[in-house]
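Below: the structure, in structure tokens.
The values are calculated or read from the model by the stated rules, or taken from the named source; none is laboratory data. Bear in mind the structure is a predicted one, so any value in this text is a computation, not a measurement. Because the Cβ atoms are built from the backbone with ideal geometry, glycine has one as well, and the counts that use them run over all protein chains shown.
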Amino acid sequence: MDILFIADPLSHFKIYKDSTYAMMAEAARRGHTLYVCEPKDLAWAGDVDATVRRVTIIGDEADLHRHPWHESGPREHRSLTSFGAVLMRKDPPFDMEYVTSTWLLELAQRAGARVFNKPQTIRDHSEKLAIGEFAQFVAPTLVTRDSARLRAFHAEHGDVILKPLDGMGGMGVFRVTRDGMNLGSIIEMLSHDGARSVMAQKFIPEISAGDKRILLIGGVPVPYALARIPQGGEVRGNLAAGGVGVAQPLSARDREIAETLAPVLASRGLLLVGLDVIGDWLTEVNVTSPTCFREIMDQTGFDVAAMFVDALERAAS
């Protein structure tokens, strides 16, 4: 089938670690035809279409540092309903242009396009606040723009993490220990002086063993997590913040969390989800563009990309 990937520019891809590239390579190996565009290429004029390019993967696929790694065909306009599957793989920020993309994709879906993840669910699903639905797995957490409540939360728990609701890759994450150093300025900065809500969570010491990314594909957990371990005094394990990824089998608690959430999220049209778990606690539910395929594949031999394309083929049939 023809598969459209809506993503960041291919020139930005680091294929040795890019999950979207892993999906594309596996789909191409199976004979599917690949097309790409960016969100800016979507349009509506009675029908949702996109300016797309056909992409062919070239070179030795074993060499994940090769350049160039693809050839692109000429630009062409196609209705999204003409594709067997449309994958929304644009990285955050989750800004108004991202929201507009989900509105356009929802229109396309209503006309018959097969879009993954489901655009309405992406739009309605806050990656930070989604944990509130599964409070039994969540460490003490507060979301508010009220500085007095944030200060009281810190006074109660002593060691807390503060972060924005729209960050990614560890951006804007602060730890404030019992001495409260810089608490006021951090609250002012993150809340824009009370104009924006902030998430506060009790610090989980097990972050030293890694912020685990657990992937759910088609309602089934991948049997390995990627523990992203902070380095050099950092509190953030995110790979984008310098964390080192170590693949490991799911623990009993990991599996309990994953198997509870997986069928619920899959029933809402979320083909691919990335759970973040620190110690025994769920901290985020990522649905925009979950990653970590390549690291798990390289370290364990488990073919995450094959599992994903299997699920995509079933969902699009």
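A Cβ distance below 7 Å, combined with a sequence gap of six or more or placement on separate chains, defines the contacts here; from segment 52-77, residues that are without any contact (Cβ under 8 Å) to a residue 60 or more places away in the chain reach residues that are of a type in the set (Asp, Glu) and in a loop (DSSP other than H, G, I, E, B) in the pairs ARG66/ASP60. With respect to GLY274, determine if the residue is over 24 Å from SER126 (Cβ atoms) and not assigned by TED's automatic domain parsing to the domain that holds GLU97. Taking the combined requirement at face value, the residue does not satisfy it. When residues in segment 150-197 are screened for being on the phi < 0 side of the Ramachandran plot, charged (D, E, K, R) and assigned to a loop (DSSP other than H, G, I, E, B), 5 of them pass.
When we screen PHE308, PHE302 for residues that are under 18 Å from SER19 (Cβ atoms), in the same structural domain as ALA227 (by TED's automatic domain parsing), among the aromatic types (Phe, Trp, Tyr) and in a helix (DSSP H, G or I), the only hit is PHE308. Of the residues making up segment 25-45, one or more are modelled with pLDDT of 95 or more, within 16 Å of ALA316 (Cβ to Cβ), in a loop (DSSP other than H, G, I, E, B) and touching a helix residue (DSSP H, G or I) at 6+ places or on another chain (Cβ under 9 Å).
Across segment 181-193, the qualifying residues are those that are in contact (Cβ under 8 Å) with a residue 24 or more places away in the chain and surrounded by 14 or more Cβ atoms within 10 Å (Cβ to Cβ), and the one among them that is farthest from the chain's Cα centre (by Cα) is LEU183. When you scan segment 231-246, do you find a residue that is of a type in the set (Val, Ile, Thr), farther than 29 Å from LEU64 by Cα and surrounded by fewer than 16 Cβ atoms within 10 Å (Cβ to Cβ), even just one? Scanning segment 231-246, I find at least one residue that is of a type in the set (Val, Ile, Thr), farther than 29 Å from LEU64 by Cα and surrounded by fewer than 16 Cβ atoms within 10 Å (Cβ to Cβ), so the answer is yes.
VAL115 falls short on exactly one of the conditions (1) out of contact with any Leu (no Cβ under 6 Å at 6 or more places or on another chain); (2) free of Cβ contacts under 8 Å to residues at least 60 places away in the same chain, and that condition is (1). Of all the residues in segment 216-274, those that are of a type in the set (Ser, Thr, Tyr) and in a strand (DSSP E or B) number 1. Between ALA111, ALA139, the distinction of being farther than 22 Å from ASP2 by Cβ, surrounded by fewer than 21 Cβ atoms within 10 Å (Cβ to Cβ), aliphatic (A, V, I, L, M) and modelled with pLDDT of 95 or more belongs to ALA139 only. Scoring GLU26 on the criteria (1) farther than 26 Å from ILE217 by Cβ; (2) of a type in the set (Asp, Glu); (3) surrounded by 13 or more Cβ atoms within 10 Å (Cβ to Cβ) leaves a single failure, condition (1).
Taken as a whole, the structure leaves SER185 outside the set of residues that are within 25 Å of GLN136 (Cβ to Cβ) and outside the structural domain of ALA305 (by TED's automatic domain parsing). Criterion first (without any contact (Cβ under 8 Å) to a residue 40 or more places away in the chain, small (Gly, Ala, Ser) and either surrounded by 15 or more Cβ atoms within 10 Å (Cβ to Cβ) or more than 30 Å from ALA113 (Cα to Cα) (or both)) does ALA252 satisfy it? Judged against the criteria, ALA252 is a match.
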